[in-house]
Structures are given as C-alpha cells and as structure tokens.
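Right, one structure below, let's go through it.
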Amino acid sequence: MSEITLVFFGTNGWYTSKTGYTTCITIDTPDHFIILDAGEGFSKIPERYPVIDKPAFLFFSHFHLDHISGLHTLARCRFERGLSIYGPPGVQKLADFIGYPYTIPIHELPFPVTITELAEGRNDCGFPVTTAFLVHTQPVFGYRFNLGKIIAFCTDTGACDGILTLGKEADLLITECAYLPGQENPGWPHLNPEVAVRLAQEAGAKQLALVHFAADLYTSLEQRLSIRNNGPQFSDVIIGMDDMVIKR
C-alpha cells in the first residue's frame, strides 16, 4: 500500500498567533494532492510544494474566515493539473471572494479552478469522499476520505453523530480541540480534549490528531502538550503543531 503524507500547515483556530497559523492540512498521495481548509496555513504550501504535478483538491469545512483567509495566496501556488474546490452548500459563493477587491480573480490564476457543491453522504471526487453535517453556528461539513487508508476530518463542531459516522474505524481521525479541558459552551459548539478522545474511542478510530486550538485559549505550545497530563487515554493522541508531518 502506498504511503500517504500529511502536513499540518496551520493548527490554530480563530486567528494566527505565535502558536501557529490558522487551519490548513494537506494529504499527499501518489495520485492526488488534497487540501483541508485554507486558513493562513495555506500560504505555506508553495514553500514545501513549489510545483504540484498531480490533480489537486481543496475541501472546505465551512466559511468562517479562519478557514478561507489563505485563499488570497492562491496565485503563489502552481497546481499544474488544476485545482478542484469542494464544499458544503454555499461554496459557489467563494467564486466572488476569489477576485477583486480581495485578490486575483479565478480566471487570472495560472491554473484552472472548478468549484463544486457536494451533497451530504457519499461522493465520487476521483476517490470516495463521504460528508456529514456537523454541529456549529453555520453549516459545517466533516469529511471521510478513502485513500487506501481512511482519513477523517472534523473541525468546528460540538459532539455529534457525524463525527462517529465519519470517524468509524478510521486510520486517522483529525478533530478540532478549540476548548480547554473541561470547557464547554453549547452556544458556540466546539470540542474539548476529553470529548474528542471519547468520540474517537466510540468511533473505533485507530488514532486521533487534535488541531484547531483556539488561539486565545491555547497561548503556548506547552499548553497544548499539557493535554497529555489529563490521563492515560491521551498517551497516543497526536497534538497538532504547525509544520508537523505524519506518514501513513
């Protein structure tokens, strides 16, 4: 089975700070280059991948600014075989955001771009992709990618059945961890470390990675790492850090 390389270009939630850029993760396979959200971490992709000579795909969870603000750096990228953008309902409106007065318009980019709204459930994007609505202040999609290995991505959400569905027996479940241990706010749904671990265990995921740490709550990387002090259930959890590389 071919190796998959994940790079965590941005692991902050809300805003970029000394702890990291806002959310962006890439999955590099032999046949596809997949991007999960386009926060400020997106701006670092050309540094590691100056030329991407395979079909590229960008999947949006939702459209809060910390997940789309990196789009203004699209012109730095070299997607030699084009970029296919996917997302939940409303993703077509990004065509208005990718243009003046914000940035270079799609038709002036040095590569072709398509934007497609996905349906909830199973989709064929050249590889199997399953989507499910999560729980937040606006519609949010979580994703499950079948790439030989199963990678699930669930950010900006409270506890919900969608995480269990997408993370079922996944090789890697990536969830957000915006809140501190013990912290909850039903009016602004996010996960804390204990809930994220419980959901991963219930889903039977083989490994859990935490990202999207709220920049105003997790003010140091040491604070993120201290999550491990909350019990043995955290011993195998990956604590996301900017520029971390994981191979599967």
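The values are calculated or read from the model by the stated rules, or taken from the named source; none is laboratory data. Note that the structure is predicted; figures quoted are calculated from it, not measured. Neighbour counts are summed over all protein chains in view; Cβ atoms, including those assigned to glycine, are modelled from backbone coordinates with ideal geometry. In case anyone asks, the SASA skips ligands and DNA or RNA and just uses the protein heavy atoms, side chains included. Shrake-Rupley method; radii C 1.70, N 1.55, O 1.52, S 1.80 Å.
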Across region 96-131, which residue is least open to solvent (accessible area, probe 1.4 Å) among those that are farther than 13 Å from Leu74 by Cα and small (Gly, Ala, Ser)? Gly121
Conditions (1) closer than 30 Å to Asn185 by Cβ; (2) touching a Ser or Thr at 6+ places or on another chain (Cβ under 7 Å); (3) of a type outside the set (Phe, Trp, Tyr); number of the one not met by Lys93: (2)
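Please verify whether Asn185 is more than 22 Å from Val129 (Cα to Cα), open to solvent by 30 Å² or more (accessible area, probe 1.4 Å) and assigned to a helix (DSSP H, G or I), treating the condition exactly as stated.
Against the criterion (more than 22 Å from Val129 (Cα to Cα), open to solvent by 30 Å² or more (accessible area, probe 1.4 Å) and assigned to a helix (DSSP H, G or I)), Asn185 does not qualify.
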Filtered residues of region 1-33 (kept if of a type in the set (Gly, Ala, Ser) and either at pLDDT 95 or above or in contact with a Phe, Trp or Tyr (Cβ under 8 Å, 6 or more places away or on another chain) (or both)): Gly10, Gly13, Ser17, Gly20
Are any of the residues in region 138-145 over 15 Å from Tyr86 (Cβ atoms) and not aromatic (Phe, Trp, Tyr)? yes
So which of Gly90, Gly82, Gly39 is open to solvent by less than 40 Å² (accessible area, probe 1.4 Å) and more than 24 Å from Asn12 (Cα to Cα)? Gly82
Restricting region 91-119 to residues that are of a type in the set (Phe, Trp, Tyr) and in a loop (DSSP other than H, G, I, E, B), the one farthest from Leu71 (Cα to Cα) turns out to be Phe111
